[in-house]
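For reference, the structure is listed below as structure tokens.
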């Protein structure tokens, strides 16, 4: 399988890309993903799109860059959102290739950590991510009405981080300073 990965800024998506992303997201998250858009709660800053030799979209990972507060310390975080791979292309290295593209993007940039949520940690552990348990605080967004629904606070155990800057992760409450991925 020949794999090509492109980084596309959200503002540069065309109709064909949008339709392909929508199809992949609905295939990957059939019971929860909105059918009328390609984001769940908020637009990402950019996406990595993986294509096979026939130019079919087979993998996707969106990214959100923001400040967060980890245990009282401000940190720059690149959040991985909606990483997914087409069913027939799974277990062929596409997910790892998307994560490697995230790593390369971080090189030489003002990013301290890559952060994501994962129910199945296998892929992420294999790619250098570490589980973190933290009480998280975030702005709740009603994904149906796209409106603010308050402030959430909860212990999270599906959180994973990868250090890409010089500082180590600071244990304690994690304030997302925005919506939860």
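Can you pull out every residue in segment 104-124 that is touching a strand residue (DSSP E or B) at 6+ places or on another chain (Cβ under 9 Å), assigned to a loop (DSSP other than H, G, I, E, B) and in contact (Cβ under 8 Å) with a residue 24 or more places away in the chain?
Keep residues of segment 104-124 that are touching a strand residue (DSSP E or B) at 6+ places or on another chain (Cβ under 9 Å), which gives 105-106, 109-118, 121, 123-124.
Checking the rest, the ones that are also assigned to a loop (DSSP other than H, G, I, E, B) come to 109-112, 118, 121.
Hits for segment 104-124 are 110, 111, 112, 118, 121.
Here's the yes/no breakdown for (1) touching a strand residue (DSSP E or B) at 6+ places or on another chain (Cβ under 7 Å); (2) exposed (fewer than 14 other Cβ atoms within 10 Å of the Cβ):
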position: 126; (1), (2): no, yes
position: 137; (1), (2): yes, no
position: 140; (1), (2): yes, no
position: 153; (1), (2): yes, yes
position: 158; (1), (2): yes, yes
position: 162; (1), (2): yes, no
position: 171; (1), (2): no, yes
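Among the residues of segment 13-21, is there at least one that is buried (at least 19 other Cβ atoms within 10 Å of the Cβ) and either touching a residue at least 40 places away in the same chain (Cβ under 8 Å) or in contact with a helix residue (DSSP H, G or I) (Cβ under 8 Å, 6 or more places away or on another chain) (or both)?
Here is the first cut: in segment 13-21, the ones buried (at least 19 other Cβ atoms within 10 Å of the Cβ) are 20-21.
Filter once more, keeping what is either touching a residue at least 40 places away in the same chain (Cβ under 8 Å) or in contact with a helix residue (DSSP H, G or I) (Cβ under 8 Å, 6 or more places away or on another chain) (or both): none.
Checking segment 13-21: not a single residue is buried (at least 19 other Cβ atoms within 10 Å of the Cβ) and either touching a residue at least 40 places away in the same chain (Cβ under 8 Å) or in contact with a helix residue (DSSP H, G or I) (Cβ under 8 Å, 6 or more places away or on another chain) (or both).
Could you count how many residues in segment 22-45 are more than 20 Å from residue 141 (Cβ to Cβ) and buried (at least 19 other Cβ atoms within 10 Å of the Cβ)?
Here the count works out to 1.
Is it fair to say residue 101 is surrounded by 20 or more Cβ atoms within 10 Å (Cβ to Cβ), touching a residue at least 12 places away in the same chain (Cβ under 8 Å) and within 15 Å of residue 9 (Cα to Cα)?
Numbers: surrounded by 20 or more Cβ atoms within 10 Å (Cβ to Cβ): no; touching a residue at least 12 places away in the same chain (Cβ under 8 Å): yes; within 15 Å of residue 9 (Cα to Cα): yes.
The answer is no for residue 101.
Just to be sure before I move on: is residue 149 in a loop (DSSP other than H, G, I, E, B), touching a strand residue (DSSP E or B) at 6+ places or on another chain (Cβ under 8 Å) and over 22 Å from residue 58 (Cβ atoms) in the structure I sent? Full working, then the answer.
Details: in a loop (DSSP other than H, G, I, E, B): no; touching a strand residue (DSSP E or B) at 6+ places or on another chain (Cβ under 8 Å): yes; over 22 Å from residue 58 (Cβ atoms): yes.
Criteria not met by residue 149.
Looking at segment 1-12 only, could you name the residues that are outside any loop (DSSP other than H, G, I, E, B), touching a helix residue (DSSP H, G or I) at 6+ places or on another chain (Cβ under 8 Å) and either at pLDDT below 95 or under 14 Å from residue 55 (Cα atoms) (or both)? Steps first, answer last, please.
Filtering segment 1-12 down to residues outside any loop (DSSP other than H, G, I, E, B) leaves 4-12.
This time we only want the ones that are touching a helix residue (DSSP H, G or I) at 6+ places or on another chain (Cβ under 8 Å), so: 5, 7-8.
Residue satisfying the conditions is 5 alone.
State all residues of segment 140-161 that are within 17 Å of the chain's Cα centre (by Cα) and within 24 Å of residue 171 (Cβ to Cβ); if no residue qualifies, say none.
Hits for segment 140-161 are 156, 157, 158, 159, 160, 161.
Yes or no: segment 85-92 includes at least one residue that is surrounded by 13 or more Cβ atoms within 10 Å (Cβ to Cβ), touching a helix residue (DSSP H, G or I) at 6+ places or on another chain (Cβ under 6 Å) and free of Cβ contacts under 8 Å to residues at least 60 places away in the same chain.
So far as segment 85-92 goes, yes, one or more of its residues are surrounded by 13 or more Cβ atoms within 10 Å (Cβ to Cβ), touching a helix residue (DSSP H, G or I) at 6+ places or on another chain (Cβ under 6 Å) and free of Cβ contacts under 8 Å to residues at least 60 places away in the same chain.
The values are calculated or read from the model by the stated rules, or taken from the named source; none is laboratory data. Note that this is a predicted model, so its numbers are computed, not measured. Neighbour counts are summed over all protein chains in view; Cβ atoms, including those assigned to glycine, are modelled from backbone coordinates with ideal geometry.
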